[in-house]
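Worksheet for the structure shown next.
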Amino acid sequence: MSFIEHLEELRRVLIRCFCAIILCAIPCGIFWRKIFDFIAVRPLRLSDPAPTLIFTAPAEAIFFIFKLALACGLVLASPFIFFQIWRFIAPALYKKEKAVIIPIVIASTFCFLAGIMFCYFLLPLFLKFLIGFAGGQIDPFFRISEYFGFVIRMCIAFGFAFELPVVAFALSKMGVIDHRFLIKYFRHAIVLIFIAAAIITPTPDALSQSLLALPLIALYGLSIFIAYLVSSKSARPLSSAEEDAVPKETGAAGEAQ
């Protein structure tokens, strides 16, 4: 495929992904009240004092519903989106590597959703910690757009961060990295993980940075193990015929000399 054909295929992939998000967002917009209670209200259940969610502009509530529907549509459409991404990459892979596309799509979806759920269950404790700084002296009033943006950015950040083992598996399968490479640069990876966590998390405090960085370090360790398994499976021992061929070739070279 030429460069223009690659761009055309990328355009089709983006259009398909966008349509999938819109289709999944429609039912989310219809049932937005139940989704709002689950996503926005429940994480505040441990906070004391309990924050009050407000909107400060006439159209802010409407735009919030659209954002809520699109964010949930993105999550629901994630299996299709990951499939489209790996399908776009597939032409650059060998036939043997293409066979693992479906498992990679399933693993990508699972890791993405696992990261979101991990963040969702940590949010009540995280919000309780942040709100507790006021000590009851200041009443918390959260603008719904800012609060929801905070929740979504945290969840999406954790979702993509949990893709690290899948990326390590794919790169190991393609021969780009192996477990030795990951072990060699482990200390560098820790520094980069904390820098990335500071950039990705929407708040500048050390707690949110650590909440993302520590699972990432654990996932990096899991990535080393996955890369080791892939390397071990790829390192096929020589067959008896191949072993017999080696000394013959060596002897022939000696006779020629």
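Things worth noting here:
- Residue list for segment 218-243, restricted to those being at pLDDT 85 or above and more than 17 Å from ASP178 (Cα to Cα): ALA218
- Of all residue pairs spaced 6 or more apart or on separate chains, those with beta-carbon atoms under 6 Å, a first member in segment 179-206 that is under 18 Å from SER223 (Cβ atoms) and a second member that is modelled with pLDDT under 85 and of a type outside the set (A, V, I, L, M) are HIS179/SER231; ALA197/GLN209.
- Yes/no for ILE35 being modelled with pLDDT of 80 or more, touching a helix residue (DSSP H, G or I) at 6+ places or on another chain (Cβ under 7 Å) and either within 13 Å of ILE144 (Cβ to Cβ) or outside any helix (DSSP H, G or I) (or both): no
- Those helices (runs of 4 or more DSSP H) of segment 67-165 in which 3 or more residues are within 24 Å of GLU9 (Cα to Cα), assigned by TED's automatic domain parsing to the domain that holds THR52 and out of contact with any Gly (no Cβ under 8 Å at 6 or more places or on another chain) occupy 78-89, 95-98, 101-131.
- In the condition set (1) surrounded by fewer than 19 Cβ atoms within 10 Å (Cβ to Cβ); (2) at pLDDT 85 or above; (3) farther than 26 Å from PRO215 by Cβ, ILE144 is compliant with all but (1).
- Given (1) in a strand (DSSP E or B); (2) within 22 Å of GLU9 (Cβ to Cβ), number of the condition LEU53 does not satisfy: (2)
- Some residue of segment 189-201 being closer than 19 Å to PHE150 by Cα and not in a helix (DSSP H, G or I): yes
The values are calculated or read from the model by the stated rules, or taken from the named source; none is laboratory data. Everything numeric here is computed off the predicted structure, so don't read it as measured data. Cβ atoms come from the backbone with ideal geometry, glycine included; neighbour counts cover every protein chain shown.
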